[in-house]
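Here the structure comes first, spelled out in structure tokens, and everything after it is commentary.
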Amino acid sequence: MPELDTIRAALRAQRIELPSWAFGNSGTRFKVFAQAGVPRTPQEKIADAAQVHAFTGQAPSVALHIPWDRVDDYAGLARHAADLGVAIGAINSNVFQDNDYMLGSVTNPDPGIRRKALDHLLECVDIMDQTGSRDLKLWFSDGTNYPGQDDITARQDRLAEALRAVYDRLGDQQRMLLEYKLFEPAFYTMDVPDWGTAYAHCVDLGPKAAVVVDTGHHAPGTNIEFIVAFLLRKGKLGGFDFNSRFYADDDLMVGAADPFQLFRIMAEVVRADALAPEAGVAFMLDQCHNIEPKIPGQIRSVMNVQEATAKALVIDREALAAAQRAGDVLGANGILMDAYNTDVRPLLAGVREDAGLHPNPLAAYAASGYAERIVAERVGGTAAGWGA
Ligand code: AFD
Ligand code: MN
């Protein structure tokens, strides 16, 4: 097992990116339960994200979603974020809510609609130039609902053409991260349904293209850590959209439904030495807090990722490798389970105290009075939401 100081340093260096949209109202197609104190502007979303970072010390960047976070001055928004101690992270495109996109965006049979979608993606890269963002995150709701509706192969050709145009627009320090999703909102085919499709397109595109693994975007029972290990080995894991699911793309707090799976995922990240920020894997949250308060929901999510990471770091790798080489099935499994069953909360509390933070971020946030303040101050205006 690595030295405790090494583990502490790795935990202290961990960076988890927050989604701006998780601070706004969200819900399901049945109901959005609006919450008091919800941000009305991108500036207020960033202020809330800065609270998560202030109490956890590990969430220094906020991903934006365009047009939900559209402003006139993105450089100014980046300065606002910096004044609050955070940075703007990935820019998420949105080609899934405009009426023109009913039959798809970049894969739409209508070339005029494909052009409109591509122009939005290119606008997102322009925004990256202004915010200093490294990553463009691309998720396409494109797909079909019925056999025969459209040509599966032609849609792949259209997708490849659009991705190539975006790739060629990227700056030297910029990346495009292609996210896949098995189903929803399309139910017969998704044009980027799985990791293989995303990976193949990223390989065709080049070194600035990589895959985003959203932990809610797989068929039930999928071995996600296998996908993670494969993509890491090929240098094509751009990052995660962390969340939890019981049945579908539930977007619940990461680690809340299956902490053992999150641990197994982080164990592959640690094994590949891909935890440090300079390794280039973006640990992003992508979740919606429909019934729980949003800022504490994100603080808990950050803590859950930290706990899974700490458990992955305490794996006795030498003993595990020896047991694996010896074919010691129970021994190897036992070593992994020993790590998973380690209570790492005291270790994390110490890391926080060493960083001058309260050992319990949730308790510290609750005592701060920020929740009460935003309810009192944020009266009027239009609360941010999914915009659906
Ligand atoms: C939706 C999609 C996907 C995407 C996110 C932000 O399912 O996960 O990353 O919106 O655009 O959750
Ligand atoms: Mn996602």
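The values are calculated or read from the model by the stated rules, or taken from the named source; none is laboratory data. What you are looking at is a predicted structure, and each value in this text was computed from that prediction instead of being measured. Note: ideal-geometry Cβ built from the backbone for every residue, glycine included; neighbour counts use all protein chains shown.
Could you please let me know if D142 is modelled with pLDDT of 95 or more, away from ligand 1 (no atom under 16 Å from the Cβ), of a type in the set (D, E) and crowded, with 17+ Cβ neighbours inside 10 Å?
Taking the combined requirement at face value, the residue does not satisfy it.
Within 28 Å of L118 (Cβ to Cβ) and touching a Cys at 6+ places or on another chain (Cβ under 6 Å), is that true of S93?
The answer is yes for S93.
Give, as residue ranges, the helices (runs of 4 or more DSSP H) completely inside region 1-102 that count at least 2 residues that are away from ligand 1 (no atom under 16 Å from the Cβ) and under 30 Å from E372 (Cβ atoms).
42-56, 74-83
Given (1) free of Cβ contacts under 8 Å to residues at least 24 places away in the same chain; (2) of a type outside the set (S, T, N, Q); (3) in contact with a helix residue (DSSP H, G or I) (Cβ under 7 Å, 6 or more places away or on another chain), where does I295 come up short, assuming only one miss?
In the conditions (1) free of Cβ contacts under 8 Å to residues at least 24 places away in the same chain; (2) of a type outside the set (S, T, N, Q); (3) in contact with a helix residue (DSSP H, G or I) (Cβ under 7 Å, 6 or more places away or on another chain), I295 misses (1) alone.
Only one residue in R29, R70, R40, R8 is within 30 Å of T309 (Cα to Cα) and among the basic types (K, R). Which one?
Just one listed residue meets the conditions, R8.
Within region 179-213, count every residue that is within 11 Å of ligand 1 (Cβ to nearest atom), assigned to a strand (DSSP E or B) and within 23 Å of M102 (Cα to Cα).
Summing the residues that are within 11 Å of ligand 1 (Cβ to nearest atom), assigned to a strand (DSSP E or B) and within 23 Å of M102 (Cα to Cα) in region 179-213 gives 2.
Looking at (1) away from ligand 2 (no atom under 15 Å from the Cβ); (2) modelled with pLDDT under 95, which is the one condition that is false for T197?
Every listed condition holds for T197 apart from (2).
Inside region 329-375, can you point out the residues that are β-branched (V, I, T), without any contact (Cβ under 8 Å) to a residue 40 or more places away in the chain, in a helix (DSSP H, G or I) and surrounded by fewer than 18 Cβ atoms within 10 Å (Cβ to Cβ)?
Within region 329-375, V329 is the sole residue that qualifies.
Just to check your reading of the model, which residue among A63, A78, A90 is surrounded by 15 or more Cβ atoms within 10 Å (Cβ to Cβ), within 21 Å of the chain's Cα centre (by Cα), over 25 Å from V192 (Cα atoms) and at pLDDT 95 or above?
Of the residues listed, the single one that is surrounded by 15 or more Cβ atoms within 10 Å (Cβ to Cβ), within 21 Å of the chain's Cα centre (by Cα), over 25 Å from V192 (Cα atoms) and at pLDDT 95 or above is A78.
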